[in-house]
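Each remark here refers to the structure printed beneath this line.
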Amino acid sequence: MKARSARLPLVASLCLALCLSALSVVAEQSSPRDIWPQATSAANAGDIDAAIKQTNALIETGKSYGLKTFPQYAASAAAMARQADKENNKPVAQWAAKAADQLDPSSSSVAFSNADHAADQKQWGKAIPFVFSGFARVFGSYRTRLLSRADTFMVLLLAIALTCAIFAASLFVRYFRARAHDFRESLSQRFHGGSVTVLAFALLFLPVFLWLGPVWLIFYWFIIFFGYAKPAERVLIIVLSLLLAITPLALDLASHWIAGSDSPPVVAAIGSAEQSYQPDALRRMQDLVSIVPDNPRLQLLLGNLLMFEGNERQAADHYRLSAELKDSAGAHVNLGNLHYLDNDFAAAVTEYEKAEALDPKLAITFYNHSLASGETYKFDEQAKMLETARRLDHAAVDKLSSHPPAQKIVMYHLPVAEAWAIAADVAKRGAARSLFGNYSWFDPATSATNPLTLGSLGAIVLALFFWMRRRKTGFAGSCIKCGRTFCYRCKSARESATYCTQCIHIYLKRDGVSLDTKRTKLEEVQEHQTGMLRRNRIFATFLAGTGQLLEGRTIVGIIGLFLFLVFVCLALLVGRLAPVLASGEVATMLVRIGAVVIALIVWLTLALPVWRRRASTV
């Protein structure tokens with residue numbers, strides 16, 4: 001009895017140890033989504049030590065699952081730091097700021113949030129470096145890089161559209177007198193009296209009288225003024241028309257980028273490739289797979305997300321299902337990795353060999369194979385596999401050898417481009433319309449069948465057609481001195497093509513012209529030149545580059561106008577588009593100030609020369 005009673009404490013202690021070890025296993029298998037709320041709850045309760053402990057546990061758990069960053073949790077921590085600082089809760093603010101940098105050291109949103117936090121404290125010396133750091137980090141993430149490109153596209157497209165409209169208006173101002181003259185000459189053969197002038201004016205604005213939109217007026221002016229324009233202006237009409245034709249396609253593509261970047265396959269692929277944790281990705285992918293269960297690549301993506309949750313058993317099931325639906329090297333690589341993590345190296349080698357047979361150019365397969373061979377003391381095979389891996393991708397293998405991942409082996413991540421193809425296929429099938437999320441696809445042929453693209457291409461064809469047809473008979477011109485219009489019916493073709501008949505006699509021939517006629521003509525010239533100068537100054541005051549366009553300095557004017565409009569659009573739209581060009585208050589302010597300053601410099605550079613010019617009557 002004494003011996004039995006002596007054993008009871010030992011048995012009890014063993015049972016307690018087993019229970020504690022079981023609990024530790026459960027704790028080690030905790031999902032990141034369960035750990036972060038514990039950290040924030042502890043911080044809100046004032047237990048900073050527990051919050052620090054849970055944050056460290058989250059990071060270590062992520063490493064064991066193959067995770068490197070936690071972007072959403074990092075952004076949450078940065079926002080929490082700013083809010084705690086406003087509430088004068090310094091311990092929580094310090095913990096949250098440190099946790100944000102630990103959870104995602106390369107997050108642009110964290111940098112922008114830190115800039116706003118520093119600005120709240122009037123520490124502009126810290127805020128501005130944070131802003132520049134945020135802009136540098138934008139290019140380090142696939143999603144922020146993609147959304148930045150979409151934002152830039154939208155700004156450029158708006159600037160192109162406005163440039164086309166203003167250029168068409170400048171063509172109207174320069175050539176409407178000559179075009180109206182030809183309209184009157186053509187109409188006078190069938191109509192008489194004041195109706196000719198009225199009809200000629202109406203023909204200048206024909207799309208408006210046909211109840212068409214203002215965009216069609218741009219195309220119409222490109223067509224009717226093409227023959228009167230200078231060679232540089234004609235080339236520009238064609239170029240701008242082509243840019244307008246591309247604009248709807250580019251806008252559709254940018255919209256596709258913004259919407260598609262939030263689709264479950266793309267989110268999962270980005271998270272898998274960057275080894276970043278997205279809390280909602282698993283649930284959304286499970287919903288999608290339940291509707292589209294026959295896609296092997298979706299099964300592979302779902303398996304990777306389950307690996308990030310620490311659920312290796314279910315991940316293996318989805319990898320096997322992916323291989324059953326369509327045998328692929330990626331599924332076998334990840335299955336082999338699961339065997340490797342379970343220390344079943346022989347089974348891992350078997351899976352790696354299957355992957356090598358399916359895709360002999362996948363370097364990570366041979367790299368993982370070399371690790372498994374080394375664990376089974378097959379060093380010759382290890383060296384052979386490592387050499388093959390280096391031959392396939394020398395840079396990546398050297399990087400892995402110098403900085404091996406926490407799990408040693410490398411997981412196969414589905415390329416993001418394939419995820420876009422999956423999302424497009426799901427969207428076209430319409431299978432996921434009942435699910436929350438964005439399922440879009442981009443089809444250039446479908447996007448090209450829009451009025452703007454067809455109208456732009458039609459404008460080019462019609463402009464060239466009418467120009468070729470009327471080139472033999474010629475186009476009306478205007479006198480560079482007095483502005484009077486004339487055509488081949490008004491004066492001899494042997495006379496100057498830039499002066500009217502009166503100006504030829506006064507400025508070129510200098511023959512006997514009465515003093516009264518000469519004085520009247522000089523007053524007319526003075527009035528015309530002064531009016532043109534005043535007109536150019538007014539336009540240059542409001543829109544940089546338009547003064548040069550009206551003067552005939554087409555290249556300088558169009559470049560200056562486009563740059564001016566780009567920075568004006570950037571100043572107006574920053575912070576209002578997809579959340580990238582600047583996602584923080586300080587970053588938005590700095591971008592807006594910078595854009596306004598550059599636009600002002602462009603405006604001054606182009607407007608001052610126009611204002612300094614003087615009218616000439618000589």
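The values are calculated or read from the model by the stated rules, or taken from the named source; none is laboratory data. In this text, all values refer to a predicted model and were calculated from it rather than measured experimentally. Cβ sites come from the backbone with ideal geometry, for glycine too, and all protein chains shown count toward neighbours. These accessible areas exclude ligands, DNA and RNA; they are computed on the full protein's heavy atoms, side chains included. Shrake-Rupley method; radii C 1.70, N 1.55, O 1.52, S 1.80 Å.
Scanning region 360-380 for residues that are under 18 Å from residue 400 (Cβ atoms) and of a type outside the set (S, T, N, Q) returns 361, 362, 363, 364, 366, 367, 369, 371, 372, 374, 375. When residue 286 is tested against (1) polar (S, T, N, Q); (2) closer than 24 Å to residue 145 by Cβ; (3) open to solvent by 10 Å² or more (accessible area, probe 1.4 Å); (4) part of a helix (DSSP H, G or I), only condition (2) is not met.
Residue by residue, here is whether (1) out of contact with any Ser or Thr (no Cβ under 9 Å at 6 or more places or on another chain); (2) surrounded by 24 or more Cβ atoms within 10 Å (Cβ to Cβ); (3) on the phi > 0 side of the Ramachandran plot; (4) part of a helix (DSSP H, G or I) holds:
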{"residue": "78", "(1), (2), (3), (4)": "no, yes, no, yes"}
{"residue": "84", "(1), (2), (3), (4)": "yes, no, no, yes"}
{"residue": "88", "(1), (2), (3), (4)": "yes, no, yes, no"}
{"residue": "92", "(1), (2), (3), (4)": "yes, no, no, yes"}
{"residue": "100", "(1), (2), (3), (4)": "no, yes, no, yes"}
{"residue": "105", "(1), (2), (3), (4)": "no, no, no, no"}
{"residue": "116", "(1), (2), (3), (4)": "yes, no, no, yes"}
{"residue": "122", "(1), (2), (3), (4)": "yes, no, yes, no"}
{"residue": "125", "(1), (2), (3), (4)": "yes, no, no, yes"}
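Set side by side, the residues 360, 293, 265, 279 differ, and just one is out of contact with any strand residue (DSSP E or B) (no Cβ under 9 Å at 6 or more places or on another chain) and crowded, with 24+ Cβ neighbours inside 10 Å, which is 265. Considering only region 586-593, I want to know if a residue exists there that is loosely packed, with under 14 Cβ neighbours inside 10 Å, out of contact with any Asp or Glu (no Cβ under 7 Å at 6 or more places or on another chain) and at pLDDT below 90. No: zero hits.
Given the structure, is residue 273 part of a helix (DSSP H, G or I), small (Gly, Ala, Ser), touching a residue at least 60 places away in the same chain (Cβ under 8 Å) and surrounded by fewer than 21 Cβ atoms within 10 Å (Cβ to Cβ)? Against the criterion (part of a helix (DSSP H, G or I), small (Gly, Ala, Ser), touching a residue at least 60 places away in the same chain (Cβ under 8 Å) and surrounded by fewer than 21 Cβ atoms within 10 Å (Cβ to Cβ)), residue 273 qualifies.
Scanning region 205-245 for residues that are outside any helix (DSSP H, G or I) and of a type outside the set (D, E, K, R) turns up 205, 210, 211, 212, 213, 225, 226, 227, 228, 229. The number of residues in region 181-230 being of a type in the set (Asp, Glu) and open to solvent by 50 Å² or more (accessible area, probe 1.4 Å) comes to 0. Scanning region 344-388 for residues that are outside any helix (DSSP H, G or I) and without any contact (Cβ under 8 Å) to a residue 24 or more places away in the chain returns 344, 360, 377, 378. The residues of region 53-75 that are out of contact with any strand residue (DSSP E or B) (no Cβ under 9 Å at 6 or more places or on another chain) and in a loop (DSSP other than H, G, I, E, B), listed by number, are 65, 66. Scanning region 572-585 for residues that are open to solvent by less than 10 Å² (accessible area, probe 1.4 Å) and either at pLDDT 85 or above or more than 13 Å from residue 158 (Cβ to Cβ) (or both) turns up 580, 582, 584. Quickly run through region 26-49 and pick out the residues that are in contact (Cβ under 8 Å) with a residue 60 or more places away in the chain, out of contact with any helix residue (DSSP H, G or I) (no Cβ under 7 Å at 6 or more places or on another chain) and either open to solvent by less than 50 Å² (accessible area, probe 1.4 Å) or at positive phi (or both). Once the filter is applied, which keeps residues that are in contact (Cβ under 8 Å) with a residue 60 or more places away in the chain, out of contact with any helix residue (DSSP H, G or I) (no Cβ under 7 Å at 6 or more places or on another chain) and either open to solvent by less than 50 Å² (accessible area, probe 1.4 Å) or at positive phi (or both), region 26-49 yields only 31. Within region 144-165, track down each residue that is open to solvent by 30 Å² or more (accessible area, probe 1.4 Å) and among the hydrophobic types (A, V, I, L, M, F, W, C). Passing the criteria: 153, 154, 156, 158, 161, 162, 165.
On inspection, residue 52 fails the criterion of being open to solvent by less than 50 Å² (accessible area, probe 1.4 Å) and among the hydrophobic types (A, V, I, L, M, F, W, C). Restricting attention to region 231-262 and to residues that are acidic (Asp, Glu) and modelled with pLDDT of 90 or more, the residue that is surrounded by the fewest Cβ atoms within 10 Å (Cβ to Cβ) turns out to be 252.
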